[in-house]
Amino acid sequence: MAERAQIGVFGGSGFYSLLEDVREVKVDTPYGPPSDSFYLAEIGARTVAFLPRHGRRHTIPPHRINYRANVWAMRALGVQAVISPCAVGSLQRRIAPGDFVVCDQFVDRTNGRPDTFYDGPIVTHLSSADIYDPELRRIALDVIRRYGIPVHERGTMVVIQGPRFSSKAESHWFSSAGWDVVGMTQFPEAYLCRELGMAVVNIALVTDYDAGVIEGTEAVDASSVLDVFRQNAERIQAVVLEMIERFPADLAALGAADALRVTRGDGQAMAPEDVRLFETEL
């Protein structure tokens, strides 16, 4: 593949472009087509690959996104680190609409989504104890604070199936469990990045209080979510662009691929056919 990139960005609702001077690249995968073409741009000394996870016209609902194709294509382009912003609802009063949350944990409440590359014959068990890269999270927090944006330095995102929003009972359950925000796309997206040895960081933009969190507030709807996201599009883009410029020169030093070395269920060393090596041109 002639086109290569080092850093990837998955764009969410209302966040469809980073720069105007881009090259459009189509990537084929063993898992079918990604959500859209990739858009490559030079930012400083780095080439960045941007993909709108819902498609450029927001035509793919969260439960229908081909997450494996999207992530595989990122890695096929050469990406080693991924920024994964998304819109979320708040589950706690202290986290207000307009705030950012740099999540450090997720809870999976989805169903039926293909969520691994390791379907055999090599049995693989990858830890998901700490999905999000600590160094990239530190960079994200520094940049967000520099822009004066209210930010929460850690948080747990519960990922629901979508496309429906939570019922009040579900929202109350999530809040009572101590989880911080609710979204629809971080699983399996972030986990799949780790399965292919890519470091990943999430920035969650809070668009609303989820239904049932604060008595008397109106239930969330898609229009209000997109309105808040559009209002904050400029500062999200500014944060992402500055983060890219601050990423370490040696992305391999983040160690994302190291977690794959001790994951074979048979205790054997990695074999050439193991997808984790990812040394073939796809």
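The values are calculated or read from the model by the stated rules, or taken from the named source; none is laboratory data. Keep in mind that this is a model prediction, so the values were computed, not measured. Here Cβ is always computed from backbone atoms with ideal geometry, including for glycine, and neighbour counts include all displayed protein chains. Just the protein is used for accessible areas: all its heavy atoms, side chains included, with ligands, DNA and RNA removed. Shrake-Rupley method; radii C 1.70, N 1.55, O 1.52, S 1.80 Å.
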Roughly how tilted is helix 134-146, in degrees to the nearest 10 and between 0 and 90, from the longest Cα axis of the chain? 40 degrees
In the chain, once you exclude exposed GluC sites (Glu not before Pro) (DSSP loop, at most 16 other Cβ within 10 angstrom), what's the longest stretch remaining? 21-152
Between 210, 142, 104, find the one with the highest GNM mean-square fluctuation for the chain; connect C-alpha pairs within less than 10 Å. 142
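Let me have the relative contact order for the chain, percent, based on Cα pairs under 8 Å that are six or more residues apart.
That works out to 25 percent.
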With a 1.4 Å probe and all protein chains left in place, how much accessible area per residue does region 1-119 have, in Å²? 40 Å²
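Could you report region 120-259's accessible area per residue, 1.4 Å probe, as an integer in Å²? Intermediate results must be reported in sequence, preceding the final value.
Working: 6060 Å² over 140 residues.
Solvent-accessible surface per residue comes out at 43 Å².
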Quick check: the angle from helix 222-231's long axis to the longest principal axis of the chain, C-alpha only, nearest 10 degrees? 80 degrees
Between helix 233-246 and the chain, what is the angle of the helix's C-alpha long axis to the longest principal axis, kept within 0 to 90° and rounded to the nearest 10? 40 degrees
